[in-house]
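This report refers to the structure that appears directly beneath it.
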Amino acid sequence: MNSSPSRSMEAELRTGQIDPALALDVKRAQASTMLERLTSTLATNAAISASALFVTTIDRGLTLSAGLWFAAVIASLLLRVALASILTRWETVEHAPQQALDVLTFGALVSGLAWAALPLTVPNFHALGGDSGLYLIMCGMATGAVLMGVGHNPVSLAFAIPPNISVMASLAVSGGAGGWLLTIDVVALTMVLIRSSRTSEATFVGNVLGKLKATALADSLSSANSNILRANYRLEVLANCDPLTGLANRAAFNAALDTGISAARAAEEQLALLILDLDRFKTVNDTLGHSAGDALLVEVSDRLRSAVDGRGTIARLGGDEFAIILGGADAGKLARELAAGILDRSRQPVMLEGQPTVVGTSIGVAFFPLHADTAEDLFISADMALYRAKDGGRRQWREFEPAFRSQADRQNQIEHELADALDAGDVEAWFQPQVDLASQEITGFEALVRWHHPYLGPIAPPEIVAAAQAANLADRLTATIAEAACGLLTRLPALGLPRATVAINVSPREFDLYSVTDVLDRITTAHRIDPALFEIEITEEAILDTLVAGEQLKRIERSGYKLAVDDFGAGHSSLAYLVALKVDRLKLDRRFITNVHLSRQNQEIVGAMAGLGRALSMEVVVEGVESEEEANALKALGCQFAQGYFFGRPMPAERIPGWIECRRAVTQRQVA
């Protein structure tokens, strides 16, 4: 037959199979229960001991021995009161519950021994006669102690067993069949009390364990619930937060944009959306590693937080693309000021791998409801404005214009048809001559890309270049123009121009996409062209961005190509970089050339740049010369080479021989 759960728990407790912390809590509950019941137990004990004293004095009167017994009982009770007070004051139940139980057991034993002495204190004690009533009192006290002491059976048995043993001993001594029979009854009663005491304790322990386990389960469930809530919060944060920068992610951005537009529509206010893109972030990753790229993204995020200053929502949409949402009555003004401020901050270098690096920013701005009526259309509008900012030379911000939509459709068509146009030879190079201002001799040509679309008409060179980069055709476009340039170089000696150069334009953005030097080396080698006659024109932006373009520019120099800086003066070139890269030519921006003969300021600027070129042993070429007056003024200012409509418009290669012949004929007539 299986034992009860209570007995099983008691056995586990005694054998140490239960968790020590749980066992200690059970001991605390036992000691606390026994201590709480002690007051009523002692009061009952004192009252019954008084009644026992009264019973002994009915026939004999108060004797000295009876008085001493009563005093001993009361003393034992006072001892237990004192011990209980000490246990309470020292908080022994909490810190050492087993020690408290031992002390309570000792006190109960002292009282039990005092009660056991009762038959010895009565003169001429008649066990089976008139004094048998005392047995009833003593056995009743023992039984009551067991019934009251359900928490810890050693305490109740320590009190109950001594009186029962005293009763059994006195009955046995009295002799006779009746005495022995009663002795056997008391023994049986004692066995029942012991069994009952153990059963009561087991039940008590089982109840306490069940309560403790239920409490522990409740605490565990509460803790688990708290953990789940914290985990849900972390998941919610992760679901809405970019883990690297701490900014809102795309999901949170989409929700914020929808909410912002709804609020702006209800309040009849504007909502501004700024989309930002870092210039050449990929190159930072490729050259310095992803850790440097991550450090850059964190720095940019901190700068955006500082610039926005809590006035809007900032999100990282992915990679190096960020977005800012601004609401309120002054959203338009704030967005324009913020865009300009972010550009200023982006010009400050960032320390990456111990070196200062300038990574520019391009920004597109659009407004609700001025430019779009939905979140999706607003995002598309801002993205179009960003594209225009990047296409316009980067490091600038553009506000959306309705014309951008038709321009975007046009650009998409150009991108889709560019590959076929390259295959068909519809994209070609035209050449504009360059002349020596002093001798009027032809010194070279600049190759310019041309494409006459059957439906769209002439495609502007910037559109072609942007489409090639977007469609991953930049290397094919450069190869096409380089092939044409090499073809012209092979024919120029027969036209009397053996030392004339041909220049092609390379956008610094192409340095991110492919190895420019590898493409040019392959083509010039195939045509057996002297690299010194092949000139590569880049903008000042590439000179500044040494992290991105520096290695490729060095390779261009090592291959022997001439290097020219186009639109010089429009940017912020460093003289140290110009010298370090051994630039051969500076091409002055045309804005300084137009009507230079009428502008004293432009004359001083051009003169200073011509002097700078001579000081750096660099040739200076002026672009956009359209009149004889401009040509004469430039010659007087010390400029050596020039190109422009005054000397010759861009033309296909097959027209160049005829143009050269006509120019020489005109020159000969002027000399004659």
Legend entry - DSSP-defined beta bridges in the chain - what % are antiparallel, rounded to 5: 65 percent
Legend entry - Reported label for calculated semi-axes √(5λ) of the Cα gyration tensor in Å given [x] 40, 30, 24; [y] 113, 23, 22; [z] 49, 36, 22: [y]
Legend entry - Theoretical gain in end-to-end length, Thr374 to Trp659 [0.36 nm per residue, Cα-Cα removed]: 96.9 nm
Inset, instruction - Determine the relative contact order of the chain: mean sequence separation of Cα pairs under 8 Å and six or more apart, normalised by residue count, in whole percent. - result: 8 percent
Inset, instruction - Note the full-extension length gain between Ser515 and Ala340 as 0.36 nm times their separation in residues minus their Cα-Cα distance, in nm to one decimal. - result: 59.6 nm
Inset, instruction - Classify the range 371-447 as rounded, prolate or oblate from the Cα gyration tensor: take a ≥ b ≥ c as the square roots of its eigenvalues, call it rounded if a/c is under 1.5, otherwise prolate when a/b beats b/c and oblate if not. - result: oblate
Inset, instruction - Using amide H atoms built 1.01 Å from N in the peptide plane, name the residues 5+ places from Val621, or on other chains, whose amide H lies under 5 Å from its own. - result: Leu586, Lys587, Leu588
Inset, instruction - Just the number, please: carbon plus sulfur as a percent of the accessible area of the chain, 1.4 Å probe, no ligands or DNA/RNA counted. - result: 57 percent
Legend entry - Euclidean distance between Cα centres, the range 442-470 to the range 613-672, Å: 22 Å
Legend entry - Three-way shape label, the range 253-329, alpha-carbon gyration tensor, a/c 1.5: prolate
Legend entry - Crossing angle, helix 64-89 versus the chain [Cα axis fit, 0-90 degrees, rounded to tens]: 0 degrees
Legend entry - Where the range 409-459 is the region considered: accessible area per residue in Å², 1.4 Å probe: 45 Å²
Legend entry - Other-chain or far-sequence residues with amide H under 5 Å of Gln270's (modelled H): Gly328, Ala331
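Taking square-rooted eigenvalues a ≥ b ≥ c of the alpha carbon gyration tensor, is the range 321-430 rounded, prolate or oblate, where a/c under 1.5 means rounded and, failing that, a/b exceeding b/c means prolate?
In terms of gyration-tensor shape, oblate.
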Legend entry - Pairs from Lys333/Lys390; Lys282/Lys587; Lys562/Lys582; Lys282/Lys390; Lys582/Lys635; Lys554/Lys582 whose Cα-Cα separation, in the structure shown, is over 20 Å: Lys333/Lys390; Lys282/Lys587; Lys582/Lys635
Legend entry - Computed [θ] at 222 nm, helices only, for the chain once each DSSP H run of length n ≥ 4 contributes -39500 (n - 2.57): -21000 deg cm²/dmol
Inset, instruction - Could you give the size of the charge dipole of the chain about its Cα centre, using +1 on the Cβ of each K and R and -1 on the Cβ of each D and E, expressed in debye and rounded to the nearest 20? - result: 2340 debye
Legend entry - Extension gain (nm, one decimal) between Ser406 and Thr39, 0.36 nm per residue minus Cα-Cα: 122.4 nm
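The values are calculated or read from the model by the stated rules, or taken from the named source; none is laboratory data. Just so you know, these numbers come straight off a predicted model, no measurement behind them. Note that each Cβ is placed from the backbone with ideal geometry, even for glycine, and that neighbours are counted across all protein chains shown. Ligands, DNA and RNA are stripped out before the accessible areas are found, and what is left, the full protein with its side chains, is counted by its heavy atoms. Shrake-Rupley method; radii C 1.70, N 1.55, O 1.52, S 1.80 Å.
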